[in-house]
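The values are calculated or read from the model by the stated rules, or taken from the named source; none is laboratory data. The shown structure was predicted, so the numbers you read here are calculated from the model rather than taken from an experiment. With ideal geometry, Cβ positions are generated from the backbone for all residues, glycine too; neighbour counts draw on all protein chains shown.
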Amino acid sequence: MFEIWNAIKKQRFEEEVKKIEDEISRSKRFNYSFGVFVVDISHAAPKGISALMPGKTISFHLMRKYIRGYDKLFGPFFRRYYIILPQSDRNAVNAVKQRIYKLAEEYNWGDLSIGEAVYDEDGKSALALLDTAISRLSS
């Protein structure tokens, strides 16, 4: 039964899991940690559409602007974003988290919830990291 549940979760988060697994491989090779963010943006946030990226919200462009060039941002998926922060420890993850909260306040995104996980402190697999980050969304 546990294996079926993991298969369902892995299918739901297929893109996220693949990118996190790639980052885990790199982290093992080069012996560094990295962070994973799950960011839920309020439905009250502005929903502008860009001619350059149909279907992407304004908040996607702003979020992209405020993270590092080598960070990986994907989404939105029902106003949820996923961010991988390569070569980041707990302190770097917390610094980026505060920057995103400040951005949300500046652009009036309404309620914002960020869940984070750091490899390998919070989990050693992609699903474990996603589970931890999602469980911390309401924190």
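Can you tell which of ALA117, ALA95 is of a type outside the set (S, T, N, Q), within 27 Å of ARG29 (Cβ to Cβ), out of contact with any strand residue (DSSP E or B) (no Cβ under 7 Å at 6 or more places or on another chain) and not in a loop (DSSP other than H, G, I, E, B)? Lay out the reasoning, then the answer.
Details: ALA117 fails: out of contact with any strand residue (DSSP E or B) (no Cβ under 7 Å at 6 or more places or on another chain).
So the residue among ALA117, ALA95 that is of a type outside the set (S, T, N, Q), within 27 Å of ARG29 (Cβ to Cβ), out of contact with any strand residue (DSSP E or B) (no Cβ under 7 Å at 6 or more places or on another chain) and not in a loop (DSSP other than H, G, I, E, B) is ALA95.
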Going through the range 79-104 in order, the residues found to be free of Cβ contacts under 8 Å to residues at least 40 places away in the same chain and within 10 Å of ILE41 (Cβ to Cβ) are ARG79
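For the range 78-88, name all the residues that are out of contact with any helix residue (DSSP H, G or I) (no Cβ under 9 Å at 6 or more places or on another chain) and over 19 Å from LEU129 (Cβ atoms). Steps first, answer last, please.
Pass one, the range 78-88, residues out of contact with any helix residue (DSSP H, G or I) (no Cβ under 9 Å at 6 or more places or on another chain): 78, 80.
Residue satisfying the conditions is PHE78 alone.
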Out of ARG80, ARG99, ARG64, which single residue is touching an Asp or Glu at 6+ places or on another chain (Cβ under 8 Å) and charged (D, E, K, R)?
ARG80
What number of residues within the range 121-139 satisfy the criterion of being farther than 22 Å from GLN98 by Cβ and in a loop (DSSP other than H, G, I, E, B)?
3
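Identify all residues within the range 107-123 that are hydrophobic (A, V, I, L, M, F, W, C) and either modelled with pLDDT of 90 or more or surrounded by fewer than 15 Cβ atoms within 10 Å (Cβ to Cβ) (or both); write none if there are none.
Keep residues of the range 107-123 that are hydrophobic (A, V, I, L, M, F, W, C), which gives 109, 112, 114, 117-118.
Hits for the range 107-123 are ILE114, ALA117, VAL118.
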Here the residues within the range 120-129 that are of a type outside the set (Asp, Glu) and either without any contact (Cβ under 8 Å) to a residue 24 or more places away in the chain or touching a strand residue (DSSP E or B) at 6+ places or on another chain (Cβ under 6 Å) (or both) are GLY123, ALA128, LEU129
ASN91 vs. criteria more than 20 Å from ILE134 (Cβ to Cβ) and modelled with pLDDT of 90 or more:
yes
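Looking at the range 22-86, what strands (runs of 3 or more DSSP E) fall wholly within it and have at least 2 residues that are in contact with a Leu (Cβ under 7 Å, 6 or more places away or on another chain) and modelled with pLDDT of 90 or more?
Numbers: elements: 34-41, 72-77, 80-85.
Of the strands (runs of 3 or more DSSP E) lying wholly inside the range 22-86, those with at least 2 residues that are in contact with a Leu (Cβ under 7 Å, 6 or more places away or on another chain) and modelled with pLDDT of 90 or more span 34-41.
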